[in-house]
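I have placed the structure first, in the form of structure tokens, so that the comments after it can refer back to it.
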Amino acid sequence: MPTFSSLSAATALSGIPKMASPARNPIPNVHPASSQFCPNLKFNPKRSLFVVFTSSQKPQFPCKSRRRSSVQCLFTGIVEEMGRVKNLGIAENGGFDLEITAKTVLEGVNLGDSIAVNGTCLTVTAFDHKLSEFKVGLAPETLRKTSLVELVPGSPVNLERAVQPISRMGGHFVQGHVDGTGEIVSMDAEGDSLWVKVRTSEAVLNYIVAKGFIAVDGTSLTVVDVFDEEKAFNFMLVAYTQNAVVVPLKKVGDLVNLEVDILGKYVQRLLTNGAIGSIESQ
């Protein structure tokens, strides 16, 4: 796996043109055989997307993009299940496809629904209940900004469906809009719990506070301490959580997706644009 200090996905993908938005053919939601599930998907099981995009030969594909839903979704950061990456790669009709095996998140699923994959809000473009699998599309910008570029067939991923009005808010407000990635710099056991320290960019760290919320690969967690000089923060995973999410399966040097608490962003925006002073003066 590439580390945080190696060539970033943003650098590797910087040469990829931005997509236009032409009309596209509808994708059926049921396929009779796994070989037909992603007929246009070509991938090498020994090569991750990171390797594909950091090679000397850049991928070529037509400038097409997937239709995006106008519905804004919300998640809680409470992982429903861990799925497994089945296939991933560049589709002939443009863009990138990710095929995942899962069960729980397929209950009541419809085309166009949103599912958070390692904390990244993605749209279901195809699914098969008999084969217990679904497919989502990945935009080049998603690969630039998230750790999904490191996935390979067999990789475990955190999965969560968007909340409904009657759902309990067990974690915190998670949008599935990844703010950046972090590198795991240490993993230390204490009893049956696990301490994890993550280093990230200063831009992301500015929104992270001790005892505040942070979504790590889509998991709602509480920050224990922030280490400004190291540009890092840490958190602790209890035994139950370790068995339910993907972070303990990773190793030092691996990347994780990070989404900071949206409330902190709003507060920072209000303070920097003078809105607070304007309200107080009224």
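The values are calculated or read from the model by the stated rules, or taken from the named source; none is laboratory data. In this text the structure is predicted, and so the values were computed from the model without any measurement. Neighbour counts run over all protein chains shown; Cβ positions are idealised from the backbone, glycine included. Please note that ligands, DNA and RNA were not included when accessible areas were found on the heavy atoms of the full protein model with its side chains. Shrake-Rupley method; radii C 1.70, N 1.55, O 1.52, S 1.80 Å.
If I ask for residues that are of a type in the set (Asp, Glu) and either part of a loop (DSSP other than H, G, I, E, B) or in contact with a helix residue (DSSP H, G or I) (Cβ under 9 Å, 6 or more places away or on another chain) (or both), which ones from region 223-237 would you list?
Asp228, Glu229, Glu230 - these are the residues of region 223-237 that are of a type in the set (Asp, Glu) and either part of a loop (DSSP other than H, G, I, E, B) or in contact with a helix residue (DSSP H, G or I) (Cβ under 9 Å, 6 or more places away or on another chain) (or both).
If you scan region 66-116, which residues turn out to be among the hydrophobic types (A, V, I, L, M, F, W, C), at pLDDT 85 or above and in contact with an Asp or Glu (Cβ under 9 Å, 6 or more places away or on another chain)?
If the condition is that a residue be among the hydrophobic types (A, V, I, L, M, F, W, C), at pLDDT 85 or above and in contact with an Asp or Glu (Cβ under 9 Å, 6 or more places away or on another chain), then Phe75, Ile78, Val79, Val85, Leu88, Ile100, Ala102, Val105, Leu106, Ile115, Ala116 are the ones that fit.
Starting from region 257-282, take each residue that is closer than 30 Å to Asn158 by Cβ and list its partners that are among the charged types (D, E, K, R) and modelled with pLDDT of 85 or more, counting only C-beta distances under 6 angstrom and pairs at least six apart or across chains.
Within 6 Å, the pairs are Asn257/Asp217; Leu258/Asp179; Glu259/Asp179; Val260/Asp179.
Report the residue count in region 80-118 for those that are outside any loop (DSSP other than H, G, I, E, B) and within 16 Å of Ser132 (Cβ to Cβ).
Going through region 80-118 one residue at a time, the tally reaches 16.
Out of everything in region 252-266 that is at pLDDT below 95 and open to solvent by 80 Å² or more (accessible area, probe 1.4 Å), what residue ends up being farthest from Gly83 (Cα to Cα)?
Going through the qualifying residues, I end up with Tyr266.
Look through Ala244, Ala215 and report the one residue that is of a type in the set (A, V, I, L, M) and either assigned to a strand (DSSP E or B) or exposed (fewer than 11 other Cβ atoms within 10 Å of the Cβ) (or both).
Ala215
Given the condition within 21 Å of Val246 (Cβ to Cβ), free of Cβ contacts under 8 Å to residues at least 60 places away in the same chain and buried (at least 17 other Cβ atoms within 10 Å of the Cβ), answer yes or no: does some residue in region 219-226 qualify?
Yes, because at least one residue in region 219-226 is within 21 Å of Val246 (Cβ to Cβ), free of Cβ contacts under 8 Å to residues at least 60 places away in the same chain and buried (at least 17 other Cβ atoms within 10 Å of the Cβ).
Return yes or no: is Ser132 hydroxyl-bearing (Ser, Thr, Tyr) and surrounded by fewer than 22 Cβ atoms within 10 Å (Cβ to Cβ)?
When the stated conditions are applied, Ser132 passes them.
Give all pairs with beta carbons closer than 9 Å in which a residue from region 173-196 that is more than 22 Å from Ala239 (Cβ to Cβ) and of a type in the set (D, E, K, R) meets a residue that is open to solvent by 70 Å² or more (accessible area, probe 1.4 Å) and assigned to a strand (DSSP E or B); count only pairs at least 6 apart in sequence or on separate chains.
Listed by first residue and then by second, the contacts come to Glu183/Arg199.
How many of the residues making up region 150-177 are under 10 Å from the mean Cα position of the chain (by Cα), modelled with pLDDT under 90 and either of a type in the set (Ser, Thr, Tyr) or not in a loop (DSSP other than H, G, I, E, B) (or both)?
Total satisfying the criteria: 0.
Can you work out which of the residues in region 98-129 that are open to solvent by less than 10 Å² (accessible area, probe 1.4 Å) and of a type in the set (D, E, K, R) is farthest from Val149 (Cα to Cα)?
The residue in question is Asp128.
I want to confirm something. Restricting to region 178-210 and keeping residues that are in a helix (DSSP H, G or I) and open to solvent by less than 50 Å² (accessible area, probe 1.4 Å), which single residue is nearest to Ile115 (Cα to Cα)?
Per the stated criteria, the residue is Val204.
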